[in-house]
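Notes for the one structure printed next.
Where a number appears in this text, it was derived from the coordinates with a stated rule and is not lab data. Note that the structure is predicted; figures quoted are calculated from it, not measured. We place every Cβ from the backbone using ideal geometry, glycine too, and count neighbours over all the protein chains shown.
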Amino acid sequence: MKKTVLIAFIGILFCSFSAFEVHKFYMAIFQVNYAPEKKMIQITSRIFMDDLNLAIEKKYGKKAFLGTEKESNEDVSNLKKYFTENLIIKVNGQPKLVVFLSKEIEGDVLICYCRVSDVAKLQTAEITNTVLTHWNSEQQNILHCTAFGEKKTVLFTASNKTEVLKF
């Protein structure tokens, strides 16, 4: 009898712990601000470094070390290229170049700064965001866009890659 109760107890205990398995959360945040006085769109992104390094490694076939002591000029060059290929913006129907400016580290997050220049007038912004979603279907990119005192929020996923914002 004791053996049956012990086996049942261990089985219940095992099921309880396996039900609370820890799942990693795949999220990046993008803040997009239109600065009409500068005729510019300013972009700040916050992305977990380990996810970004893995994405760059999968995309370009070379291990990346962004945000570590092993970071190389090639890693930074691949990061710039990665942003150019995976964050695409059309303003009023016209493709615009997203220019990577700089990066900084905050804990395990890489903060990246980009801009789109020569935006004299903003009526629509078509944004395609495939950062990290090309290799991880669980990745979610939240984008907050502020223009003319109005804030809009968009969720990008592997199945929702492009949104058009109208102002």
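Kindly rank 93-101, 52-60 from highest to lowest mean number of other beta carbons found within 10 Å of each residue.
Final packing ranking: 52-60, 93-101.
Calculate, in nm to one decimal, what residue 84 and residue 136 gain on full extension: separation in residues at 0.36 nm each, minus their alpha carbon distance. Please list the in-between numbers first.
On the way: separation 52, 0.36 × 52 = 18.72 nm, distance 1.88 nm.
Separation in residues times 0.36 nm, less the Cα-Cα distance, equals 16.8 nm.
If you place +1 on the Cβ of every Lys and Arg and -1 on the Cβ of every Asp and Glu, how big does the dipole about the Cα centre of the chain come out, in debye to the nearest 20? Intermediate values should be presented prior to the final figure.
Working: 22 positive and 18 negative charges, 69 e Å.
Result for the chain is approximately 340 debye, rounded to the nearest 20.
Straight-line reach from residue 96: which lysines fall under 19 Å, measuring Cα to Cα and dropping same-chain residues less than 8 apart?
List returned: 38, 39, 80, 81, 121, 161, 166.
Using a simple spin-label model with points 7 Å from Cα along the Cα→Cβ vector, what separation in nm is obtained for residue 76 and residue 159?
About 4.0 nm, to one decimal.
With θ set to phi - 60° and the Karplus curve 6.51 cos²θ - 1.76 cosθ + 1.60, what are the ³J(HN,Hα) couplings of the stretch 92-103 in order, to the nearest whole Hz, using x for Gly and Pro?
6, x, 9, x, 10, 7, 8, 9, 6, 9, 6, 8
Along the charge dipole of the stretch 25-166, pointing to its positive end and built from +1/-1 on Cβ of Lys, Arg, Asp and Glu, which listed residue (52, 145, 131) has its Cα farthest out?
It is 145, whose Cα lies furthest towards the positive end.
Would you calculate the separation in nanometres between label points at residue 54 and residue 26, each defined as 7 Å from the Cα along the Cα-to-beta-carbon direction?
So the label points at residue 54 and residue 26 sit 0.7 nm apart.
Read phi for every residue in the stretch 60-75 and hand back ³J(HN,Hα) as whole Hz from Karplus 6.51 cos²θ - 1.76 cosθ + 1.60, θ = phi - 60°, with x for Gly and Pro.
Computed from phi, the couplings for the stretch 60-75 are 10, x, 9, 4, 10, 10, 4, x, 10, 5, 8, 4, 10, 4, 5, 4 Hz.
Going by amide H atoms built from the backbone, whose H comes under 5 Å of the H on residue 64, apart from near neighbours?
Amide H neighbours of residue 64: 57.
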